[in-house]
Each structure stands twice: as structure tokens, then as C-alpha cells.
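Written out below as C-alpha cells is the structure these notes cover.
Just so it is clear, none of the values below were taken in a lab; they were calculated from the coordinates. Every value quoted in this text rests on a predicted model; they were computed, and no experiment measured them. Note that we place each Cβ from the backbone using ideal geometry, even for glycine, and neighbour counts take in every protein chain shown.
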Amino acid sequence: MPQEVKIIPEKPILMNNKDNSELLEDNINYFASINGFPLLLQHLKNENTNPCTLPVMFNLVSYIHSMRLMLLPEVLEEYFSVIPKAIESRLTNLSAVDLNSPKDEFHNSINGILEKTHSLFFKREG
């Protein structure tokens, strides 16, 4: 079996001699190297030609939330400290498309966005 897919008892998955946390760190660093953070922020702030839908916003905030423990506090502060303001702006300017979306999708998206944002910025582990 090739090394990159070999399963080792102590480490569930070994890919190119790296465990999952190292792969996550590599992916985050790669994302940063291709200017991913500013682009993600631009999308969250609705600076694109197509407004960010609530489900997409939820997915973006969830993505950031899943990376939070791997990011330096300076990165969170520099790139993502504007997220609460961007979300507030987005939720106070809901479009007709948002308001006409299925009730469960609308409700789940808003609740998910608020929950992930709150735990990202207001329950930060020290």
C-alpha cells in the first residue's frame, strides 16, 4: 500500500508522513499563500458583484470557525474582526430572496451564523 494512504494504529491516517493536524495546518498556510483570507473576507463583507446568500455566509463563517484554533490571534484580528459588523450589516439589509427562502433554511442559516460568530469572537480560548 502506498505510504500516503497507509493506516497506522497510533495515527489514524498518515499522508506523506504527516498526521491530520499537520495537513490542516498546511492547507491553512496554502490558503493564506493564495490570498484566500482577504478574498474570504471580501465575500463575507458582500464586496462582490453577487451578494452572499445566508447559507453561503453560514458556510464561510463555519469554515473560519473550524480553523480558529489553528490561526494566530493576529490573523483573526486582522482579517476577521470585521465579521460581526459585516454580519450585522447583512442581517439588517436582508433581500427579498432571503426573506422568501424556505423558512427552515432561513432560520438555520441565521442561527448558525450567530452561533459560530459568537463562539469565534466572544468565547475565545486563552
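Does residue 106 satisfy the condition of being touching a residue at least 24 places away in the same chain (Cβ under 8 Å), touching a Lys or Arg at 6+ places or on another chain (Cβ under 9 Å), among the aromatic types (Phe, Trp, Tyr) and surrounded by 15 or more Cβ atoms within 10 Å (Cβ to Cβ)?
So residue 106 does not fit the description; no.
Got a sec? Which helices (runs of 4 or more DSSP H) wholly within the stretch 47-126 have at least 3 residues that are within 16 Å of the chain's Cα centre (by Cα)?
54-67, 73-80, 83-92, 103-121
Return the total of residues in the stretch 53-78 being of a type in the set (D, E, K, R) and surrounded by 15 or more Cβ atoms within 10 Å (Cβ to Cβ).
Of the residues in the stretch 53-78, 1 are of a type in the set (D, E, K, R) and surrounded by 15 or more Cβ atoms within 10 Å (Cβ to Cβ).
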